[in-house]
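J.: Quick one: the structure is below, questions incoming.
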Amino acid sequence: MEAKIINDPIWGPIELHPLCIRIIDTPQFQRLRYIKQLGGISLVYPGACHCRFEHSIGTSYLARSLGLELQKNLAMLDEPNKPDITDKEILCLEVAGLCHDLGHGPFSHLFDQLFIPKFKKPGDQKAWEHEDATLNMLNSIFKNITWNDYLEDEDIEFIKNLIKKPDEKEQKNPSLNEKTDEKEQKKHCLYEKTDEKEQKKHFLYEIIANGLNKIDVDKWDYFSRDCHMLGLHHNFQCKRSIKLARVVKHGKEWHISYPKSEYYNLFDMFYTRYTLYRQAYHHPVAKAVEMMITDAFVKANKCLLFPPNKQRYQTCYLKHLSKNTYDFFGRKLEVEICWDCIKNLARVF
């Protein structure tokens, strides 16, 4: 399979690696075409109808671009014991950027921030996060595509850690003895290799999801894409930040850093984030619409079932749900929103 070029409205022509093409062709990734990036905000801003599909491709492109720039700059760095970035790690960054949002539910953050908490049980300590579903879907994808012509087992573990770092409890390696099965020993070896990579190349974990200062390619894409689709102006130039990014040693660790001349551009990035939250993400009408959609989900949850409950789904769904929906909403527009929710929910599962 050869690489393909697609034309993105934000970044222009994007060349996709053959492995990325295989991932994009899976049902798990194709479902992102039906997951709205901004939830119910499209009912306030009609142009905001873009999906997680194009955002994921854009994030993959930016992850590769930043990785290549850092790779080039590290090669020119005259310092002993400096880290390096391999071509395989660049591919891992590209795949991680592509797959980082696989686990989003219908209407994106509406699902995990508004709907899921309504069904949280009192004993549940950890809230469900879309990253957890992402890792499960990623496992499913790699079981059904050919990837070992480009990557190895430790690379798959590295990609998962780029998307979401495991908790400290999960990172602790099991005590190995003669009775430990082969699967646990293999998992132990993968943890050792990924832990070693994290210690030497901590900066790689700051590209997709930067927990240190929140400057990462995921935000760069959705800031630019959301502003474009919402019709909002912004001054931040992420391609400038990519060109000026450097890997610098801070104490014993290496981190991604930027020169003083880039401070105002990064300030514009955070101001863009503030503007998006003020004018769009927390728009009062958009939040009201999302609360109504959440109520529709709660109503649908009682009887909108999927296999193996197919028989109960067929007998209960149309008869019971449509009546409750009309009783609950009362107005035609709100009923249409409810049915849109249900169709998106059906596409997810």
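J.: Tabulate in residue order the Karplus-calculated ³J(HN,Hα) for region 286-293, using 6.51 cos²θ - 1.76 cosθ + 1.60 with θ = phi - 60°, rounded to whole Hz; enter x for Gly and Pro.
T.: Listing the rounded values in order: 4, 5, 5, 4, 5, 5, 5, 5 Hz.
J.: Here is a further query. Report the calculated FRET efficiency for Asn148 and Val298 (r = Cβ-Cβ distance, R0 = 35 Å), to the nearest 0.05.
T.: Efficiency at R0 = 35 Å is approximately 0.20.
J.: Could you work out how much longer the chain between Leu244 and Lys126 gets when fully extended? Use 0.36 nm per residue separation minus the Cα distance between them, nm to one decimal.
T.: 38.6 nm
J.: Give the ranking of Tyr205, Tyr34, Tyr150 by solvent-accessible surface, highest area first, calculated with a 1.4 Å probe.
T.: Solvent-accessible surface, decreasing: Tyr34, Tyr150, Tyr205.
J.: Taking a temperature of 4 °C and a viscosity of 1.567 mPa s, what whole-number D in µm²/s does Stokes-Einstein yield for region 85-136 with Rh from Kirkwood over alpha carbon pairs?
T.: 102 µm²/s
J.: For region 233-297, report the accessible area per residue in Å² (1.4 Å probe, heavy atoms, rounded to an integer).
T.: Accessible area per residue: 59 Å².
J.: For q values of 0.09, 0.15, 0.20 Å⁻¹, compute log₁₀ I(q)/I(0) with the Debye formula on a Cα-only model of region 1-139, without solvent.
T.: For region 1-139 at q = 0.09, 0.15, 0.20 Å⁻¹, log10 I(q)/I(0) is -0.36, -0.84, -1.18.
J.: What's the FRET efficiency of Asn265 with Lys4 using the Cβ-Cβ distance as r and R₀ = 56 Å, to the nearest 0.05?
T.: Given R0 = 56 Å and the Cβ-Cβ separation, E is 0.95.
J.: Amide H to amide H, which residues 5 or more places from Ile35 or on other chains are under 5 Å from it, using H placed in the peptide plane?
T.: Arg52, Phe53
J.: Put +1 on the Cβ of each Lys and Arg and -1 on the Cβ of each Asp and Glu in region 30-84; which of Gly58, Leu74, Gln30 then has its Cα farthest toward the positive end of the dipole?
T.: Gln30
J.: Roughly how many Å is it from the Cα centre of region 81-107 to that of region 123-165, as a whole number?
T.: Cα centroid to Cα centroid, the span is 11 Å.
The values are calculated or read from the model by the stated rules, or taken from the named source; none is laboratory data. These numbers come from a predicted model, not from an experiment. Counting neighbours? That spans all protein chains shown, and the Cβs are built from the backbone with ideal geometry, glycine included. Keep in mind that these areas ignore ligands, DNA and RNA; they rest on the heavy atoms of the full protein, side chains included. Shrake-Rupley method; radii C 1.70, N 1.55, O 1.52, S 1.80 Å.
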